[in-house]
Structures are given as structure tokens and as C-alpha cells.
Amino acid sequence: MSRLVPVEIAAVLAIGLVPMPVPRVVPLFAAASLSRWVRGRSWAETFDAPDGHAGRGAAIGVVALVLALVVGTPVVEAVTAQAVQWSTFPIVRGSIPQLCAVAVLVLAAEGAMELAARGWIVERVLELVRPGVAANALAVAAGGLAEALVTDGGLAARAGAAVFGIGLGALYVAGGRRTTLPLCARLAFALGALLLEGLRLVG
């Protein structure tokens, strides 16, 4: 349904640019779900991946977190001249009950974001363009751009979101256009970062 494309683009731009009373992932996931429903598609089909994708995705997420802390943070700070703020939920520091409660919310939000970004935006680009390396690159870039657009924060936060989104998009394509691999990588990354914050290892 190519006629839906202008509406979908407008929805993503509105979500990214218009102030929202709720986290942007909420209307983004709602728009993604509505788009898939209108086209007769379900979220369930995006998880149909070979055995082992979940474990590999989680391992990739942990490695990505280490690289982001050790390599990515200094590079982003040097390029943007802004400090990367890892601490997002200071309430979890030193409190296991708070950590567990926030972890549930974080994992839900990150899961919804991944489904919307890869299972909707990247997938839509792949559906609409001629298959090939260029199409894959365009779709992956579109997902990264959308991720940066809907991320709150300064240039450093948006740049990090774009790089992260591009990496997850590459996993999506490599995983046979199934969300299991990038989803598990994203959840492992988010949970790892939250645990490090709870242990006061990042600030």
C-alpha cells in the first residue's frame, strides 16, 4: 500500500517534532501497529527467526554496550563537544526494588521502540524499494534517522541513537528481516546499561 507512505512519513515527523505529553515511543508504536494492521500484517510474524537468534542477539547487545562505553562515548563527546549522559534513571542507584520496577518499564519501552523502528520503518522501506544492497543501506539508514528524530536530548544523544539504530538495522537485515536478533540485542544493551547505573558504575 504505497498510498499510505505519505501518511506514515508525516506521522513519524509529527511524533519526532511535536512536543508530546507521553514518551514518543507510545505514539510511534501505536502508529506502527495501526500501519501493520491496515496492511493485514501482525507483529507475531516478525519474530519467526531461526533458533539461536535470541542468544546471539543478547550477546551482541552486551558487546555493543561495552564498545559504547569504552569507544563510542569518547568519540561522540569529541565530535559533538557534549558530554554523553548515561545516567537516565538515578532512582535505581542502590535500590534493587526500584531497579526491578524501572527495568520492566525500560524493557517494555525499548521493545516497543525496536518493533516500531525495525518492524515498521525499516521494513516499509524494504517493501517499497527494489531489493539489493542499496535498498538495504537505505532502509537501515532510514531506521537510524527515525531513531534519532524521536530521541529526546541534545546532539550527542541523537547521534548515539542514530548509530545504535543503524547497527540494529543491519542486524535486522542480516537476521532475515526478523526482529528477534535486533530486539534481543537492544534489550540486553538497555538492561545492561540500567544495571550499570544501579551499581553506580556509570554516571
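The values are calculated or read from the model by the stated rules, or taken from the named source; none is laboratory data. Keep in mind that this is a model prediction, so the values were computed, not measured. Positions of Cβ are generated from backbone atoms using ideal geometry, with glycine treated the same way; all protein chains shown enter the neighbour counts.
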Number of the exception - Val22 against (1) β-branched (Val, Ile, Thr); (2) more than 20 Å from Val125 (Cβ to Cβ); (3) part of a helix (DSSP H, G or I): (3)
Only listed residue being small (Gly, Ala, Ser), within 20 Å of Ser33 (Cα to Cα) and buried (at least 18 other Cβ atoms within 10 Å of the Cβ), chosen from Ala142, Ala109: Ala142
Criterion violated by Ala174 - all others in (1) surrounded by 19 or more Cβ atoms within 10 Å (Cβ to Cβ); (2) without any contact (Cβ under 8 Å) to a residue 24 or more places away in the chain; (3) not acidic (Asp, Glu) satisfied: (1)
Looking only at segment 163-184, and only at residues there that are assigned to a helix (DSSP H, G or I) and of a type in the set (Ser, Thr, Tyr), the one that is nearest to Gly16 (Cα to Cα): Tyr172
Residue match in segment 125-140 (condition: in contact with a Pro (Cβ under 7 Å, 6 or more places away or on another chain), under 24 Å from Glu8 (Cα atoms), part of a helix (DSSP H, G or I) and of a type in the set (A, V, I, L, M)): no
Filter result for Glu123 (among the acidic types (Asp, Glu) and over 13 Å from the mean Cα position of the chain (by Cα)): yes
Selected residue (criterion: nearest to the chain's Cα centre (by Cα)) from residues of segment 25-60 that are within 18 Å of Gly176 (Cβ to Cβ), outside any helix (DSSP H, G or I) and not acidic (Asp, Glu): Trp43
Enumeration of residues in segment 145-203 that are polar (S, T, N, Q) and more than 23 Å from Thr46 (Cα to Cα): Thr151
Selection from segment 144-162 of residues that are within 19 Å of Ala68 (Cα to Cα) and part of a helix (DSSP H, G or I): Gly144, Leu145, Glu147, Ala148, Leu155, Ala156, Ala157, Arg158, Ala159, Gly160, Ala161, Ala162
Counted residues, segment 61-95 - those being assigned to a helix (DSSP H, G or I) and touching a residue at least 24 places away in the same chain (Cβ under 8 Å): 13
All positions within segment 111-127 that are in contact (Cβ under 8 Å) with a residue 24 or more places away in the chain and aliphatic (A, V, I, L, M): Ala112, Met113, Leu115, Ala116, Ala117, Ile121, Val122, Leu126
Test result for Leu191, over 12 Å from the mean Cα position of the chain (by Cα), of a type outside the set (Gly, Ala, Ser) and modelled with pLDDT under 90: no
